[in-house]
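Note sheet for the following structure.
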Amino acid sequence: MSDENFERIGELMDEAWDLPHGVVKVRLIEEAVKLADVVRDLDAMFETRMELVDAGVFAGHCEKALPAFAWCLAQFEKEPDRFEYHQDTLLWYFKNILHNADELPQLTREQVEELREQMASLYRKCGFNMRPVHYTRLVFATRIGDTETAKESYASYHALPRDPMADCMACEADSDVEYFEFLGESEKALKAAEPSLKGKQVCAEVPHRTYSYVLRPLALLGRYDQADEYQRKGYRMIRSNPVFLGHVALHMAYLLHRGDESSALRMLEQHLSWALESFHLRSRYLFYLSSKRTLNRVAESEGKKKLNLPQAFPVHNSTGSYDTAELVQWFDEELSTLGARFDARNGNHFFTQDLVERLQY
């Protein structure tokens, strides 16, 4: 029976490796993890969980990646010689976990910083510098609206040289774009984005994310020909992967800015199921903000609207005919609850005030 389980683990992993990032891949690896636990083979338990960390992060399921990573980290620290082969991959995944910490309001700022200190200690022990540590702090601070920490972290991470644990240049540039856009420095944001948008710096998620970050700066500068082109290109790159839910919201905000409510409404219909299923609550919040704004626009002229919304939607109507004011109210209530959670965690009003204003340009 044990041999059969090992064989099945191999089959599941082979099948998962051939798939693009997404929920099916995650589920296959989860099944492999369960079988590894059944046979109680520590190496199989470790290796399948490491694959789950990677698949979970890149499919928008950090809630699955986080416990798997914590388990692997504990085993590595207990038996570093046994798992030395996985050291660099584990250190790399540590960054990915922290890059997604802003999505989970159940993680306090203190807990996030404790994780980062643990990462710093491990990086020092393994001979790497602190550039990635400051970099993950920059990303977190930018996304929770902590301007002072973001500025300090930006300076600290750029002051250190790149080493093998530094994120790729495309990802770092992408985060610089996000940082400058957060500060309202549109020209600097676009300059940082230029190499990625010209195809000189690319990776698995760049320029996918970058296109969404430059839409608002371009609009504020009146460069609509570029912005329209990037909106079309960028959306094509992200429309099939739920990990980009929050970036879809930025596309919706731009379309509303351009007066294209119909396209924004189609995105709402297309991606609402992602938001309902996602445990990445910051991304869900952003999507709900753009959805509420879209429906507010529709409600100005139409009290009733035919919409193709998922059955899992709590106020789903089998007839497909919806009262737009009631839909606005539902999103408003969800936003109120989610926004309060984030503001409580972040210690500011960035979500309930600043983000709302930023998406209403």
Inset, instruction - Compute the length gained on full extension between residue 6 and residue 124: take 0.36 nm times their separation in residues and subtract their Cα-Cα distance, giving the result in nm to one decimal. - result: 38.9 nm
Inset, instruction - Quick one: divide the alpha-carbon radius of gyration of region 242-361 by 2.2 N^0.38 Å and tell me what you get. - result: 1.00
Inset, instruction - Mind computing the radius of gyration and Dmax over the alpha-carbon atoms of region 23-86? Å is fine for both. - result: 11.3, 33
Legend entry - trypsin sites (Lys or Arg not before Pro) restricted to DSSP loop in region 64-96 with at most 14 other C-beta within 10 Å: 82
Inset, instruction - Would you mind putting 8-17, 23-32 in packing order, based on average other-beta-carbon counts within 10 Å, highest first? - result: 23-32, 8-17
Legend entry - Listed pairs 198/233; 34/64; 25/78; 25/64 exceeding 18 Å between Cα atoms: 25/78
Inset, instruction - Please give the direction-averaged projected area of the C-alpha convex hull for region 77-222, in square nanometres with one decimal. - result: 9.5
Inset, instruction - Any aspartates and glutamates with Cα under 19 Å of the residue 306 Cα? List them, leaving off those in the same chain fewer than 8 positions away. - result: 260, 261, 269, 323, 326
Legend entry - Centre separation in Å (Cα based) which lies between region 1-66 and region 200-265: 33
Inset, instruction - Using only protein heavy atoms and a 1.4 Å probe, report how much of residue 304 is accessible, in Å² to the nearest 10. - result: 130
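Å³ per residue of the Cα convex hull, for the chain?
Per-residue hull volume (Cα only) is 141 Å³.
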Inset, instruction - Report the percentage of all Cα-Cα pairs in region 203-306 whose separation exceeds 23 Å, rounded to a whole percent. - result: 23
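Too long at a 31 Å Cα-Cα cut-off: which of 151/200; 125/200; 95/188; 188/305? Let's see the in-between values first.
Numbers: 151/200 26 Å; 125/200 34 Å; 95/188 25 Å; 188/305 41 Å.
In this structure, 125/200; 188/305 exceed 31 Å between Cα atoms.
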Inset, instruction - Using only protein heavy atoms and a 1.4 Å probe, report how much of residue 168 is accessible, in Å² to the nearest 10. - result: 40
Inset, instruction - Would you calculate the separation in nanometres between label points at residue 187 and residue 233, each defined as 7 Å from the Cα along the Cα-to-beta-carbon direction? - result: 2.3
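The values are calculated or read from the model by the stated rules, or taken from the named source; none is laboratory data. As the structure is a prediction and not an experimental result, all values here were calculated from the model. All Cβ positions, even for glycine, are placed from backbone atoms using ideal geometry, and neighbour counts span all protein chains on display. Ligands, DNA and RNA are excluded from the accessible area calculation, which covers all protein heavy atoms including side chains. Shrake-Rupley method; radii C 1.70, N 1.55, O 1.52, S 1.80 Å.
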